[in-house]
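What follows is a short report on a single structure.
The values are calculated or read from the model by the stated rules, or taken from the named source; none is laboratory data. Model, not experiment: these values are computed from the prediction. Using ideal geometry, Cβ is built from the backbone for each residue, glycine included, and neighbour counts are taken over all protein chains shown.
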Amino acid sequence: GDSVTQMEGPVTLSEEAFLTINCTYTATGYPSLFWYVQYPGEGLQLLLKATKADDKGSNKGFEATYRKETTSFHLEKGSVQVSDSAVYFCALSDRGGSYIPTFGRGTSLIVHP
Amino acid sequence: DGGITQSPKYLFRKEGQNVTLSCEQNLNHDAMYWYRQDPGQGLRLIYYSQIVNDFQKGDIAEGYSVSREKKESFPLTVTSAQKNPTAFYLCATQPGADTQYFGPGTRLTVL
């Protein structure tokens, strides 16, 4: 079945540091890939997505590129802020299958001033 | 203003009690989902419904029940058979094979 693996956290950074959160996936079909963000005590919200190979999703300074050859969708940001502290979830939705999304376990990011 | 509402925000349950969590949406999305989230854990799928009057068990359906009588509503009942219900519960909708939209969540605590 489909699966998503993301790096374990917490990831602790100083403000203005470079961020990478790794995400790899396995899927039998043609998935769309997503990054969601969850702030404390809230639901998840979409951060960015990509629907086909080599697409780059971007939002709020975050970027991720759909790499089919390495089955990866790593999240990056050039300069993090304290307000980026949250839990980040990588996910896929298989358009050729049931559409039920598969989520990674989440990676907590803590940014210190 | 379109969105998903979950109520209540906080809920307390006594031993042996059934409680119902509300999820309402006005996004006109066909599919609705219920997830459970434990501290430091990812999301676990409880139930989902892709059309009115039909729903399917997810990975951890035991001790839970749902109904889908209207497109807008997908309530989740946590029954007394669920022995460890303390968790954060998230409702989500999905239009086709695309982005999921999440409600603000309900935090359930067993007293």
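Consider segment A:1-60 and keep the residues that are exposed (fewer than 13 other Cβ atoms within 10 Å of the Cβ) and polar (S, T, N, Q). The one that is farthest from A:S108 (Cα to Cα) is A:T28. Take the conditions (1) surrounded by fewer than 16 Cβ atoms within 10 Å (Cβ to Cβ); (2) closer than 19 Å to A:S98 by Cβ; (3) free of Cβ contacts under 8 Å to residues at least 40 places away in the same chain; B:G58 misses just one of them, which is (1).
Of the strands (runs of 3 or more DSSP E) lying entirely inside segment A:23-113, those containing at least 1 residues that are of a type in the set (G, A, S) and either within 14 Å of another protein chain (Cβ to nearest Cβ) or closer than 20 Å to B:L43 by Cβ (or both) span A:31-38, A:44-50, A:56-59, A:62-65, A:86-94, A:107-112. From the list B:G63, B:G105, the one residue that fits, being modelled with pLDDT of 95 or more and within 14 Å of another protein chain (Cβ to nearest Cβ), is B:G105. Just so you know, in segment B:66-102 the residues that are farther than 19 Å from B:R44 by Cβ and facing another protein chain (nearest Cβ under 9 Å) include one that is surrounded by the fewest Cβ atoms within 10 Å (Cβ to Cβ), and it is B:G96. Regarding segment B:7-23, can at least one residue be identified that is of a type in the set (A, V, I, L, M) and assigned to a loop (DSSP other than H, G, I, E, B)? Within segment B:7-23, not a single residue is of a type in the set (A, V, I, L, M) and assigned to a loop (DSSP other than H, G, I, E, B). What are the residues in segment B:59-94 that are in a strand (DSSP E or B) and more than 13 Å from the chain's Cα centre (by Cα), if any? Matches in segment B:59-94: B:K70, B:Q94.
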